[in-house]
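Notes follow the structure.
The values are calculated or read from the model by the stated rules, or taken from the named source; none is laboratory data. Owing to the predicted nature of the structure, the values given are computational and were not obtained by experimental measurement. Note that we place each Cβ from the backbone using ideal geometry, even for glycine, and neighbour counts take in every protein chain shown. Protein only, heavy atoms only, side chains kept; ligands, DNA and RNA dropped before computing areas. Shrake-Rupley method; radii C 1.70, N 1.55, O 1.52, S 1.80 Å.
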Amino acid sequence: MDTSTATSLWDEVTGLQPDPDLWVVLATLVAALAIVVPHPLWRLSRNAITIAHEGGHGLVALLTGRQLTGIRLHSDTSGLTVSRGKPTGIGMILTAAAGYTAPPLLGLGGAALLATGRITLLLWAATALLVAMLVMIRNAYGALTVLLTGGTFVVVSWLAGPQVQAAFAYAVVWFLLLGGVRPAFELQAKRTRGGAGDSDADQLSRLTNVPAGLWLFLFHAVSLCSLIGGGRWLLEV
């Protein structure tokens, strides 16, 4: 690839695209709600939130100097990220806290990109993150899930027209913002029934001596604030 081609590709990826019509933004919001609120569809779509959840654990583990050894995604929408390093300390705390906060924060970051008209950059960045995550997947179901998700982004990025790309990007970001809220409430319900004793909130409690309920409050605060902030950006078209 010569310099001019590389420059042209870079300009295409980082360039600005026109905002979609308001009805498209609202339609993608409704579509996201339709796969987050009904339980049968949520059982399927939650797999994508699990990808972001476990990806958050993995990314922060690497950023804090831990050795990421593998990620597993399961058909019941649970997941497991394994890293090596000091079992206590700030690196382990940040890694444990990154799971429930990753989907809404990714949604907030995506909303920021869309608010500035960078639809192509969002699609390519998401594809790159999924490819990087695929390298660390250690089970067949997880690999299939990430491949299908990443393949969808590739097809839309390369073959779809600008209007379809815009609608897809807005739907994905709405889904992350809305889907990032529900898991914290599900965890709260499980803990109320005496379950989920080894949840991220409980692990963080053991690491910090801060009650698990306060960590759960943090998960709620991050997801709800991201939804409010990101939603305002998306609706400013």
Considering segment 62-96, residues that are touching a Gly at 6+ places or on another chain (Cβ under 8 Å) and among the basic types (Lys, Arg), and then whichever is surrounded by the most Cβ atoms within 10 Å (Cβ to Cβ), we arrive at ARG66
Filtering segment 93-138 down to residues that are under 16 Å from ALA166 (Cβ atoms) and among the small types (Gly, Ala, Ser) yields GLY110, ALA111, ALA112, ALA115, GLY117, ALA125, ALA126
By residue number, the members of segment 8-36 that are modelled with pLDDT of 90 or more, surrounded by 12 or more Cβ atoms within 10 Å (Cβ to Cβ) and among the β-branched types (Val, Ile, Thr) are VAL24, VAL25, THR28, ILE35, VAL36
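Each row is one residue, and each column tells you yes or no for (1) within 17 Å of LEU177 (Cα to Cα); (2) open to solvent by 20 Å² or more (accessible area, probe 1.4 Å); (3) among the hydrophobic types (A, V, I, L, M, F, W, C).
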site: ALA98; (1), (2), (3): yes, no, yes
site: ALA102; (1), (2), (3): yes, no, yes
site: LEU106; (1), (2), (3): yes, yes, yes
site: THR116; (1), (2), (3): no, yes, no
site: LEU123; (1), (2), (3): yes, no, yes
site: ALA126; (1), (2), (3): yes, yes, yes
site: LEU129; (1), (2), (3): no, yes, yes
site: VAL135; (1), (2), (3): no, yes, yes
Those residues of segment 132-148 which are part of a loop (DSSP other than H, G, I, E, B) and either modelled with pLDDT under 95 or of a type in the set (S, T, N, Q) (or both) amount to ASN139
Listed by first then second residue, the pairs whose first member lies in segment 66-81 and is more than 13 Å from ASN139 (Cα to Cα), whose partner is of a type in the set (Lys, Arg) and in a strand (DSSP E or B), with beta carbons under 8 Å and at least 6 positions apart or on separate chains, are ARG66/ARG84; GLN67/ARG84
Among residues of segment 173-213 being in a loop (DSSP other than H, G, I, E, B) and touching a residue at least 40 places away in the same chain (Cβ under 8 Å), the residue surrounded by the most Cβ atoms within 10 Å (Cβ to Cβ) is GLY180
Flagged in segment 99-116 as farther than 13 Å from LEU16 by Cα and either in contact with a strand residue (DSSP E or B) (Cβ under 9 Å, 6 or more places away or on another chain) or not hydrophobic (A, V, I, L, M, F, W, C) (or both), in numbering order, are GLY99, TYR100, THR101, PRO103, PRO104, GLY107, GLY109, GLY110
Given the criteria assigned to a helix (DSSP H, G or I), closer than 30 Å to LEU204 by Cβ, polar (S, T, N, Q) and at pLDDT 95 or above, does THR101 qualify? yes
Of the conditions (1) at pLDDT below 95; (2) among the hydroxyl-bearing types (Ser, Thr, Tyr); (3) in contact with a helix residue (DSSP H, G or I) (Cβ under 6 Å, 6 or more places away or on another chain), the single one that TYR170 does not satisfy is (1)
Worksheet item: So is VAL164 without any contact (Cβ under 8 Å) to a residue 12 or more places away in the chain, in contact with a helix residue (DSSP H, G or I) (Cβ under 9 Å, 6 or more places away or on another chain), farther than 21 Å from ASP76 by Cα and not in a helix (DSSP H, G or I) or not?
Response: no
Restricting attention to segment 158-168, the residues that are open to solvent by less than 40 Å² (accessible area, probe 1.4 Å) and under 18 Å from GLY107 (Cα atoms) number exactly 3
